[in-house]
Each structure stands twice: as structure tokens, then as C-alpha cells.
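*Asks:* Please find one structure pasted underneath; my questions will follow.
None of the figures in this text is laboratory data; all of them are computed from the coordinates on show. Only a predicted model underlies this, so the values are computations on that prediction, with no experimental measurement involved. Cβ sites come from the backbone with ideal geometry, for glycine too, and all protein chains shown count toward neighbours.
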Amino acid sequence: MGNLIKVLGKDLENCPHFFLDFESKSRELGGGGEGARATAAAALRNMGTGMVSLSGPESCKRDNALAKQFAEILHLTLSFDELKMTNPAIQNDFSYYRRTISRNRINNLQLDAESEVNNEMANRMSLFYAEATPMLKTLSNATTKFVSENKTLPIEDTTDCLSTMACVCRVMLETPEYRSRFTNTETLLFCMRVMVGVIILYDHVHPVGAFAKTSKIDMKGCIKVLKDQPSTSTEGLLNALRYTTRHLNDDTTSKQIRALLQ
């Protein structure tokens, strides 16, 4: 974690102007396809282990690669949850599937064992999809668990990493010089998703959250940069800040920030 912070910027009080190349080949998780999904799933299950690995004596190049991998996980998380939120019928569809399987069993119909979801997995899937943003919930829980189970590690090691990532993404988004270096139009949305993802994680892990005056994240700046983009690409991200953070409605949140998210 410490080396990652060094790569992103040493001065955490002043936001580091740092271009993180999200378009390099090292951005890929496991080569794409099934490998990407498997790697991302493993990363979600072992978030704590991944954070510990960032604090080792790694080279700057390796830390850059880890930062990109972390960004890829956040991008996958936000992308998945956006699809889930725009397809509210998925829970009803899965319930229908379960009823159909149950009727087939009662009628002794032959089932394809390979395509059938067993009861244990079906129950877990139902609980997973019951969440408004299931992947964010999983990632937030994993990060919170890591912090709570590693009392010897200063919480600042985690929150400083998250706040610095948020700052770097915001600077890249609002600085024309950096934005002009994006060769893929999708990178803009990628960067916004990463920024929102680390804000949400910070808000879940930090004792007073991301919206307090003492927060190291410039929430006004982050919200403004989202609102400056077409609403079709950012409304889901703004909703994630509205509904999946923990401290937005705290007394320590300024009226200006609340107004920005109205």
C-alpha cells in the first residue's frame, strides 16, 4: 500500500498531478474473457491479500501495474452494478427460473445437470441479487473486513491509497492535457467509474467518511466533474454516490454537497 501511494504522489495534502495510464496492456485482467472474470472474482474474494501485497518492496513499475489492476476491479464492479440497476427484472426472472426447475423436478422431467443451478448456489444468488448494488456491496464488505482484521496496519494506509486514487482520477478528468492523452473514448467512463468506486470504499472504511470537511477527497470537485459529463453516462454513478455510501446523510456533510447530489 505504501509503495502504491508513492507512485500516485507523495504529497497527500495537495492533490498529485499524475497521469495513470489505464490504456496500457497491463490493464487487462487475465487476458480477457473467462480469465478476466476469474481473476476479478478472485480479487474480490481476496481483497485484503491484494492490499497487503501493495505494501511490499515493489518497484514503481510493479506498483503502477497493481494500481491498474485495482482500477480494473473497480471498473468491473461499477459496470456490473449499473447493468443490474438498469435490469430490475433480473430477480423476477431468476425466481421464475427456480420455480420452473422445481416444477420439472416434481414432474420427474429430465434436467441438464450441467446447466442447472443447485439449491445452495441458487440461494446465494438470490441474496446477491437482492442487493441494489451487489458487487459494490461485496467489495465494500471485503475492504471493511480487511481493515477490521488487520489492526496492526494503520487505517491511513488504506484510506490514503483510496483518496489519492480518487484525486488522480479527478485531476485526469478535469485537466484537458491529460484527457487529450486518452486514445479510447471509453477510458473517460472507465476513469469516472474508478473515481466513484474508491470514493465509496473510502466512505465505508474511513471513520467519518468521504463527505466530512476533514475528508482527503475533494467531494465537490469529484461531483462537479461527473455533472460536467453527459447525464446518460453519469447518472448511474451519481446514484451510486447517493444510495451506496454510508455518510452522505451525516450531520458532518455540508449542505452544498447534499445539494449537488439532489
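*Asks:* What is the ratio of the Cα radius of gyration of the range 120-227 to 2.2 N^0.38 Å, where N is its residue count, to two decimals?
*Replies:* So the Cα radius of gyration is 1.23 times the expected 2.2 N^0.38 Å.
*Asks:* What nm value, rounded to one decimal, do you get for the distance between Ala89 and Thr214 when each label is placed 7 Å out toward the C-beta?
*Replies:* 4.9
*Asks:* Okay, moving on. Mind scanning Lys68/Lys213; Lys84/Lys145; Lys84/Lys137 and naming the pairs with a C-alpha gap bigger than 19 Å?
*Replies:* Exceeds cut-off: Lys68/Lys213; Lys84/Lys145.
*Asks:* Classify the range 157-213 as rounded, prolate or oblate, taking a ≥ b ≥ c as the square roots of the eigenvalues of its Cα gyration tensor: rounded when a/c is under 1.5, otherwise prolate if a/b is larger than b/c and oblate if not.
*Replies:* Note, shape of the range 157-213 comes out prolate.
*Asks:* To continue, here is another question. Determine the gain in length on full extension of the stretch Ala130-Glu116; use 0.36 nm per residue of separation and subtract their C-alpha separation, reporting nm with one decimal.
*Replies:* Full-extension gain reported as 3.0 nm.
*Asks:* I would also like to ask the following. Along Cα→Cβ, 7 Å out, is where each label goes; now give me the distance between the ones at Asn249 and Glu156 in nm to one decimal.
*Replies:* Between Asn249 and Glu156, the simple spin-label model gives 3.3 nm.
*Asks:* Something else now. Using alpha carbon centroids, what distance separates the range 202-226 and the range 114-168, in Å?
*Replies:* One Cα centre to the other: 19 Å.
*Asks:* Here's another thing I want to ask about it. Which shape class, rounded, prolate or oblate, goes with the range 67-179 when its Cα gyration tensor gives a ≥ b ≥ c as root eigenvalues, a/c under 1.5 marks rounded, and past that a/b bigger than b/c marks prolate?
*Replies:* Numbers: a/c = 3.67, a/b = 2.08, b/c = 1.77.
It comes out prolate by the Cα gyration axes.
*Asks:* Okay, moving on. How big is D, in µm² s⁻¹, for the range 203-262 by Stokes-Einstein at 25 °C and 0.890 mPa s if Rh is the Kirkwood radius over C-alpha pairs?
*Replies:* Calculated translational D: 209 µm²/s.
*Asks:* If I model a spin label at Lys145 and Glu177 as a point 7 Å from the Cα along the Cα→Cβ vector, what separation in nanometres do I get?
*Replies:* Using points 7 Å along Cα→Cβ, the separation is 4.3 nm.
*Asks:* Relative to the present Cα-Cα distance, how much length would full extension add between Leu238 and Asn184 at 0.36 nm per residue of separation?
*Replies:* Full-extension gain reported as 17.2 nm.
*Asks:* Next question. Of Ser231, Gly209, Val194, which is farthest along the charge dipole of the range 180-231 in the positive direction, counting Lys and Arg as +1 and Asp and Glu as -1 at C-beta?
*Replies:* Gly209
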